[in-house]
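Here is the structure we will look at, set down as structure tokens.
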Amino acid sequence: MSTGIKPKREHFGSKFGIIAAAAGSAVGLGNVWKFPYVTGQNGGGAFLIIYVICVILLGIPVMLSEFTIGRRGQRNVFGSFKRLAPNRPWYIVGIMGVVAAFVILAFYSAVAGWTLEYIVRSVHNSFNMQSTQQLSLSFDSFIVNPFRPVVWQLVFMLLTALIVAGGVKNGIERYSKLLMPLLLVFLVILAVRSLSLDGALKGLEFMFAPDFSKVSAKTVLFAMGQAFFSLSLGMGALITYGSYIGKNENLAKTAVSVSIADTFIALLAGVVIFPAVFAFNIEPTAGPSLVFITLPEIFSHIPFGNIFSLIFFILLAVAALTSTVSVLEVVVAYFSEELRMTRVKATIIASVAISVLGVLASLSFGVLSGYKVGGKIFFDVLDFLASNILLPLGGLLIVVFIGWYLSRKDVLEEISNSGTLKAKFFPYFLFIIKYIAPVAIAVILIYSIFFGSLG
Ligand code: PHE
């Protein structure tokens, strides 16, 4: 027996719990808010095909790499790298992950807070009989308000913190198992409603009929960035969750299931939004305001629209919540294991610190909108920093770590559960991780830094 007291590590309790938690992390605002508008702005069907290729070729292998690092390391993102590569600087990837968690949660919780405001507005039926102009005006005046969005953001952070403070099994797993099926049911109800609108077919055509004339290098860049963000890759959320996956679970199968669930839900969100958008002759390229202005307009025109909008915004809030939980957990696991705090203390310190940054992000739409970096307000700076730099860079280092640093034997041992699983795909996986993924991610990273500096 080893000396000293080993800190007891919690693990997820069931297969469904693992998938619900990891899919809960992946399925979020990225699927329901970002995916439809990015698809809309990038030409619809063609973007979708490229997106799916990115998920299969890069997303699944990177996800499997993250699970592998986490389960083998049995620590938070920093501790796992430190343990697998003692006396080497790989732990820096872990520090980057913790930084990325701060950055993502700061801007993400701002938008997540908006969903709460829109839940309340749906309850009050306040979209009824409003013109697009009125809806857009009331959205714009809401987000520049120095008070309301901040309060909602803090409420959202509090909900996140309460779940994380509950621990891996009694907090994260428990709520994911409850919330993810609810999310699916809500999404199906809305998809059926949207598809039954007159003219819905045009929306499906836009989504599924590819028009490759709209594809450019930028499209591929966006698809890949979106895949990374949507699958929660590149910052250690799935390394942290991987460390809670039991030794007998099949990591590859889990990565495939989670990626399929995430992609399916993004598609389903598109099936809710585009048929409705086309049925009401609205431009699908509205951008970030698509779900906060365009959708309320549609809801205001259909019978029982306020009930459907209530369902939609609860769905959005639920999707966001299981994601913010996974981001906060990265920091909490790090604080509690490396700085030896209790989980509750770590949760309080992490959420308060992140909230401070988050409030600044919220206020950058209004009172702080004059402070810009490279022409971007603080919110956009955080989004850009996370989606275009930290996540791809983290992803790149993660695949290099698995492909070139860890030994083939170690990686195979972890993925095959010490030889109990066949893992016939292993040579292909390794080929992608060693050669294809690093090159593809590096190209995208350079390209997006370049694009960013131009923008
Ligand atoms: N995947 C989440 C979404 O699509 C966002 C996220 C990114 C969560 C990175 C964790 C880590 O909304």
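The values are calculated or read from the model by the stated rules, or taken from the named source; none is laboratory data. What you see is a predicted model, and the numbers here were worked out from it, not measured in a lab. For neighbour counting, all protein chains shown are included, and Cβ atoms are generated from backbone atoms with ideal geometry for every residue, glycine included. Note: accessible area is taken over every heavy atom of the protein model, side chains too, but ligands, DNA and RNA are not part of it. Shrake-Rupley method; radii C 1.70, N 1.55, O 1.52, S 1.80 Å.
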Legend entry - Matching residues in segment 113-160 - criterion: being closer than 23 Å to residue 369 by Cα, touching a Leu at 6+ places or on another chain (Cβ under 9 Å) and not in a helix (DSSP H, G or I): 146
Inset, instruction - Could you tell me whether any residue of segment 84-93 is of a type outside the set (S, T, N, Q), within 16 Å of the ligand (Cβ to nearest atom) and over 30 Å from residue 311 (Cβ atoms)? - result: yes
Legend entry - Out of 359, 373, 381, sole residue that is under 21 Å from the mean Cα position of the chain (by Cα), farther than 17 Å from residue 62 by Cα and without any contact (Cβ under 8 Å) to a residue 60 or more places away in the chain: 381
Inset, instruction - Being hydroxyl-bearing (Ser, Thr, Tyr) and more than 16 Å from the ligand (Cβ to nearest atom) is the filter here, so list the residues in segment 209-253 that pass it. - result: 213, 216, 219
Inset, instruction - Please work out if residue 189 is away from the ligand (no atom under 16 Å from the Cβ) and open to solvent by less than 10 Å² (accessible area, probe 1.4 Å). - result: no
Inset, instruction - Say whether the condition of being within 30 Å of residue 419 (Cβ to Cβ) and in contact (Cβ under 8 Å) with a residue 12 or more places away in the chain is met by at least one residue in segment 169-187. - result: yes
Inset, instruction - Hey, can you tell me all the residues within segment 323-345 that are of a type outside the set (Asp, Glu) and open to solvent by less than 10 Å² (accessible area, probe 1.4 Å)? - result: 323, 324, 325, 326, 328, 330, 331, 332, 333
Inset, instruction - Report the residue count in segment 201-243 for those that are part of a loop (DSSP other than H, G, I, E, B) and within 22 Å of residue 104 (Cα to Cα). - result: 7
Inset, instruction - For segment 240-263, indicate whether the set of residues that are surrounded by fewer than 24 Cβ atoms within 10 Å (Cβ to Cβ), out of contact with any Pro (no Cβ under 6 Å at 6 or more places or on another chain) and without any contact (Cβ under 8 Å) to a residue 60 or more places away in the chain is non-empty. - result: yes
Inset, instruction - Considering (1) under 26 Å from residue 217 (Cα atoms); (2) within 16 Å of the ligand (Cβ to nearest atom), say which one residue 43 fails and leave the rest. - result: (2)
